[in-house]
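Please treat every number below as a calculation from the coordinates, not as lab data. Everything numeric in this text was worked out from a predicted model, so none of it was measured. So basically every Cβ, Gly included, is an ideal-geometry build from the backbone, and we count neighbours across all protein chains shown.
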Amino acid sequence: MIEKRFKVGWNKEYVLDDLTGNIINLTSKEVAKELNKLNDKNDELAELLYPFQLLMKKYEIDSVAKLDRILLEQRVW
């Protein structure tokens, strides 16, 4: 089983991010700040993926496995 990334501090006043080591204070301002950072990162990743999603839709590719199969068939040895 995969360990959880975020752990609540012993006094329940903060959350520890095991991945980055950041400590997030559980005040409304700090929580909103962290959520906005996550949202910004998600938006950035979505923008990167959008052209690929359009291309896959155009060629009716509905999974990574199907894309892999198509690319493998096109490979010239």
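Things to note:
- Dividing the summed -39500 (n - 2.57) terms of all DSSP H runs of n ≥ 4 by the residue count of the chain sets its mean residue ellipticity at 222 nm at -19000 deg cm²/dmol.
- Isotropic mean projected area of the C-alpha convex hull, the chain (nm²): 8.8
- Cα long-axis angle, helix 28-58 against the chain (0 to 90 degrees, to the nearest 10): 0
- Taking every C-alpha pair closer than 8 Å and separated by at least 6 residues, the mean separation divided by the residue count of the stretch 6-74 gives a relative contact order of 13 percent.
- Pairs over the 27 Å Cα-Cα cut-off, from the set 37/58; 33/58; 37/57; 7/33: 37/58; 33/58; 37/57.
- Estimated at 0.36 nm per residue, the fully extended path between residue 47 and residue 60 surpasses their Cα-Cα distance by 2.6 nm.
- Degrees between helix 64-74 axis and first principal axis of the chain (Cα, 0 to 90, nearest 10): 30
- Among the GluC sites (Glu not before Pro) in the chain, those placed in a DSSP loop whose Cβ has at most 13 other Cβ atoms within 10 Å are 3, 13, 60.
- Span from the the stretch 44-63 Cα centroid across to the the stretch 3-35 one, whole angstrom: 33
- Of all the options 38, 67, 48, the one that moves most in a Gaussian network model of the chain with Cα springs shorter than 10 angstrom is 67.
- Rounded to the nearest 20, the size of the Cβ-charge dipole of the chain about its Cα centre is 100 debye, with Lys and Arg at +1 and Asp and Glu at -1.
- Between residue 9 and 14, 15, 16, the built amide H atoms are under 5 Å apart, and every one of these is 5 or more places off in sequence or on another chain.
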